[in-house]
Amino acid sequence: MIRGLILLFSMFIFMLQAQSFELVLPKEKNCIVNTNYAFFVGRAKNGESISINGENVYTASNGAFAHSVPLKDGENRIMLRSPYGIQMFKFYKNDKQKNVEFPLEEFEPIMGYVKRDNTPMRSEPVDAGLNRISHLFECTPLIINGSKGNFYRVFLSSNKTAWILKEHVQIDLDYIQTPTDFITMDSERYKNAFVQTISFTKKLPYTIEDTEEEIIFKVYNPEMDENSVYTLNIPKPEKYTYNVKMDGGKYTVKVRKLPEKKEDYTIIIDAGHGGSEKGAVGCLGDEEKNINLKLAQELYNILKKQGLNVHMTRECDANVSLNDRVDFAKDNGADVFVSIHFNSIPDICMDIHKNRGTSVYYYNDNSKEFAEILEKNVTKIAGTRSDGVRTASFAVIRPSDYVGVLVETAYMTNPLDSLLYRSDKFMHKAANAISKGILEYIKKD
Ligand SMILES: [Zn+2]
């Protein structure tokens, strides 16, 4: 009898547990982290109320919840309580890595070579942010006269230095100096583009800058003379793209005017992540890659119906590298590139009403207006909270060959937003809103 009762009782407990909440985050009961917050993201079942360290957790009508707990250095114990019982979690926070300021070491100039194409040269010795001043070509010779942390200092002229990651440079101590000579320069004006070329006997480092009025391209020849700088000033139209190509020592800078008619635009829709790259995981376990693809496909269909020339970087659940996405866009002559994403929880105190909604990111100034138009359309038409227009160094929007933005349509990890992206009606509205934004931009004179 007693045994029977115990059995019945344990079955009862088992059934209760089976019906209780599911956690997407944290993945383990004991975690070692270097974040400032511990995140609890998941789904409550049958209206159960959840509290974490005594604080009641907001739960959306579909059970979605997200909660953050500030962490102190070392061990943190966090208690999650629901009507079905108590669960304990242990977070071990690694002492914040102190921002070590590396000393600047200066030395006699040595020569180095850029190891591969598309190597960023930066204004600061920091491997992040908007500090890229050019992307150098393979085998470009550089004069190096200092280092700081992981970076070499590149001497460009008497009043200009730049920074490049040490791992991107092959030092050549046996370099024999054969100065590079200027050959010729030329400029051509086409209906839709300004093209300027400048030729040297060998490759040289360059910088490119998008200013208010024009694109400024500078080639530095410090081996010849510390003030040997060649400057091309290229006028730019209102809506434009630009790029630098190199053949031998011949640099071609093209500033292109975007088409006037919408039929002449090539639009690339990029569904973020895919395959083994799941992206963010939502409160209810949804994977961002699938939501992105669903929205991208709907957007593609709307644009296609309007008779626009539109391509997708992926049409199924496949792994596509960031480089392949960029190459695909360039190969197809992209004018406009829209990367579709849904956001995840930032490492800040989670605010249900604040950390939600739509943000749009751009990298180059030529994409700022488009980013603003898209954000305005999505928040207005799809009714999401405005989470701002910002700059970010995402690989797919870095090329200036097209106008590129990345849309974080809503937050995967926000309980209120999870009601949105699970609804076909919302997804339709969001696709419609993005298409309206694209059309508003490309129709604009
Ligand atoms: Zn994403």
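Overview of results
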| quantity | calculated |
| --- | --- |
| Ellipsoid equivalent to the range 198-337 - semi-axes via the Cα gyration tensor, in Å | 38, 20, 13 |
| Cα-Cα P(r), the range 262-443, percent of pairs per 10 Å interval | 11, 42, 39, 9, 0 |
| Order of 89, 337, 107 - criterion: other Cβ atoms within 10 Å of each residue's Cβ, fewest first | 107, 89, 337 |
| Of 285, 320, 391, farthest towards positive along the dipole that unit charges on Lys, Arg, Asp, Glu beta carbons give the chain | 285 |
| Test item: Cα-centred dipole of the chain, Lys/Arg +1 and Asp/Glu -1 on Cβ, debye | 1680 debye |
| The chain - Rg and Dmax from Cα coordinates, angstrom | 26.8, 101 |
| Computed over the range 101-257, the ratio Rg/Rh where both radii use C-alpha atoms and Rh is Kirkwood | 0.98 |
| Mean separation of Cα contacts under 8 Å, 6 or more apart, over the residue count of the range 289-398: relative contact order % | 26 percent |
| Zero-based 10 Å bins, Cα pair distances in the range 20-93, whole percents | 20, 56, 21, 2 |
| Sorted by Cβ neighbour density within 10 Å, fewest at the top, the residues 100, 403, 281 | 100, 281, 403 |
| Rh (Kirkwood; distinct C-alpha pairs) - the range 179-227, Å | 12.5 Å |
| Two-decimal Rg/Rh across the range 366-408, once Rg and the Kirkwood Rh are taken from alpha-carbon atoms | 0.98 |
| Contact order normalised by residue count of the chain, Cα under 8 Å, 6+ apart, percent | 12 percent |
| Lysine pairs within the range 20-93, Cα separation less than 16 Å, 8 or more sequence positions apart or different chains | 6 |
| Principal-axis tilt of helix 2-19 within the chain, Cα atoms, nearest 10 degrees | 30 degrees |
| Between the range 124-163 and the range 384-445, the alpha-carbon center distance in angstrom | 34 Å |
| Cα-centre dipole for the range 330-383 with unit charges at Cβ (Lys and Arg positive, Asp and Glu negative), debye to 20 | 220 debye |
| Lysines whose Cα lies under 21 Å from that of residue 436, excluding same-chain neighbours fewer than 8 positions away | 239, 261, 262, 294, 304, 305, 368, 376, 380, 425, 444 |
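All of the numbers you see were taken from the coordinates with simple rules; none came from a lab. Being a predicted model, the structure only gives us computed values, none of them experimental. In this analysis, Cβ positions are derived from the backbone assuming ideal geometry, glycine residues included, and neighbour counts consider all displayed protein chains.
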